[in-house]
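Below is one structure, written out as structure tokens; the observations come after it.
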Amino acid sequence: MEVESSDIAGVSLDSLYPGQTAVIVGIVAETRAKMHLMELGFVAGSPITFLMSTPFGDPHIYALRGTNIALRKGEARCIRVRI
């Protein structure tokens, strides 16, 4: 289980507030999870907006590359962004 270095600058995606937009700078996760997120479009340089959380607070809904994607907080913590 290989995990990327936590030297990636930025804050975690789950720290955004509704309506806030940021730019993805990297993913800190084991290789399989990282590849899955990248296949969904979570790649460095992409703008992402936190739209809303669901009624129970998890998952959160994000706008990314023309689509809305629901991510659990644990997955969002792996994605580093620059606000």
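Bear in mind that the values in this text are calculations on the coordinates, not laboratory data. Given the structure is predicted, the values throughout are model-derived calculations rather than measurements. Cβ coordinates were reconstructed from backbone atoms using ideal geometry, including for glycine residues, and neighbour counts include every protein chain displayed.
What to note about this one:
- Within the set T49, T31, the sole residue that is of a type in the set (S, T, Y), surrounded by fewer than 17 Cβ atoms within 10 Å (Cβ to Cβ), within 10 Å of L13 (Cα to Cα) and without any contact (Cβ under 8 Å) to a residue 60 or more places away in the chain turns out to be T49.
- All conditions but one from (1) assigned to a strand (DSSP E or B); (2) in contact with a helix residue (DSSP H, G or I) (Cβ under 9 Å, 6 or more places away or on another chain); (3) loosely packed, with under 14 Cβ neighbours inside 10 Å apply to G74; the one that does not is (1).
- For the range 64-78, the set of residues classified as farther than 16 Å from D14 by Cα and either touching a residue at least 12 places away in the same chain (Cβ under 8 Å) or of a type in the set (D, E) (or both) consists of R65, T67, listed by residue number.
- The single condition among (1) assigned to a strand (DSSP E or B); (2) in contact (Cβ under 8 Å) with a residue 60 or more places away in the chain that I61 does not meet is (2).
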